[in-house]
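K.L.:
The structure's right below; bear with me while I get my questions together.
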């Protein structure tokens, strides 16, 4: 122990310099969008290879649960397909075909997933060669998951819903009251539903779904279930606690949503509003 202390004391200047250099590098990446994006792009493949093995071990021990979830999803898809066949083509012909086919889904495996930080990210094994681009939404068979942040050829990094900087436009399914879901960094199973005005009547057990007010998430994707709803005296908004539909500790597969109408919607918005200054 004495030798170790003597060694540290003798090279204290070097260790101080190293600590300061690491701190500076972290601050540059954390507070600059360009450097942050470059960091994620360059580290995706390395990080994916390192954590792929540990993720595979976790998946092995949860195969039964995953298979049950996939079976339930297949049953739900089969039901929807049967209903579509029963409706017949004459119903589809009365609608906008482009809007019906607006979304395309790319299945991806999760190879990295953090849940214990304030800003959590998810790494998947699909990238630019699969048509994934920044800004696309990610869902699972349980509900909303996050949004694509950065992309390399074969991997992508998603901003998880467990990220204090991420908000999802959502509505209470029963009342159609609009709000935003944002995580507070406390518990990975719960998030907050914000901006629900005091005249609204949220009920414990109500479902909260995506609003569809942007071209990223389709409307109707489950985000969570209201578990707590309190209203302080004179407060303009409700304090609403939401149990997330997706348990991020068990996330193994996601689907990336490619919107065929997103570019059209974004272009129209830019023409109408202009670039923000």
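K.L.:
In the range 230-257, how many residues are part of a strand (DSSP E or B) and touching a helix residue (DSSP H, G or I) at 6+ places or on another chain (Cβ under 9 Å)?
P.N.:
Qualifying residue count, the range 230-257: 2.
K.L.:
Considering (1) crowded, with 19+ Cβ neighbours inside 10 Å; (2) under 26 Å from residue 70 (Cα atoms), say which one residue 193 fails and leave the rest.
P.N.:
(2)
K.L.:
Can you pull out the residues in the range 207-224 that are closer than 15 Å to residue 143 by Cα, free of Cβ contacts under 8 Å to residues at least 60 places away in the same chain and surrounded by 15 or more Cβ atoms within 10 Å (Cβ to Cβ)?
P.N.:
Keep residues of the range 207-224 that are closer than 15 Å to residue 143 by Cα, which gives 207-212, 216-224.
If we keep only those that are free of Cβ contacts under 8 Å to residues at least 60 places away in the same chain too, we end up with 207-209, 211-212, 219-220.
Across the range 207-224, the qualifying residues are 207, 208, 209, 211, 212.
K.L.:
Looking at the range 99-108, can you tell me whether even one residue there is buried (at least 20 other Cβ atoms within 10 Å of the Cβ), assigned to a strand (DSSP E or B) and touching a residue at least 12 places away in the same chain (Cβ under 8 Å)?
P.N.:
Taking the range 99-108 and keeping what is buried (at least 20 other Cβ atoms within 10 Å of the Cβ), we get 108.
Applying the additional criterion that residues be assigned to a strand (DSSP E or B) yields 108.
Still in the list and also touching a residue at least 12 places away in the same chain (Cβ under 8 Å): 108.
Yes, the range 99-108 has at least one match.
K.L.:
At least 3 residues that are closer than 30 Å to residue 222 by Cα and at pLDDT 70 or above in each: list the helices (runs of 4 or more DSSP H) lying fully within the range 1-95 that qualify. Explain how you work it out, then say what you get.
P.N.:
On the way: elements: 2-10, 12-31, 33-61, 63-87, 89-92.
The helices (runs of 4 or more DSSP H) meeting that bar are 33-61, 63-87.
K.L.:
I've got another one for you. Go through the range 98-123 and give me each residue that's farther than 21 Å from residue 154 by Cα and modelled with pLDDT under 85. Please lay out each step first, then the result.
P.N.:
Going through the range 98-123, the residues farther than 21 Å from residue 154 by Cα turn out to be 98-103, 115-119.
Scanning the range 98-123 gives 98, 99, 100, 101, 102, 103.
The values are calculated or read from the model by the stated rules, or taken from the named source; none is laboratory data. These numbers come from a predicted model, not from an experiment. Glycine gets a Cβ as well: all are built from the backbone with ideal geometry, and neighbour counts include every protein chain shown.
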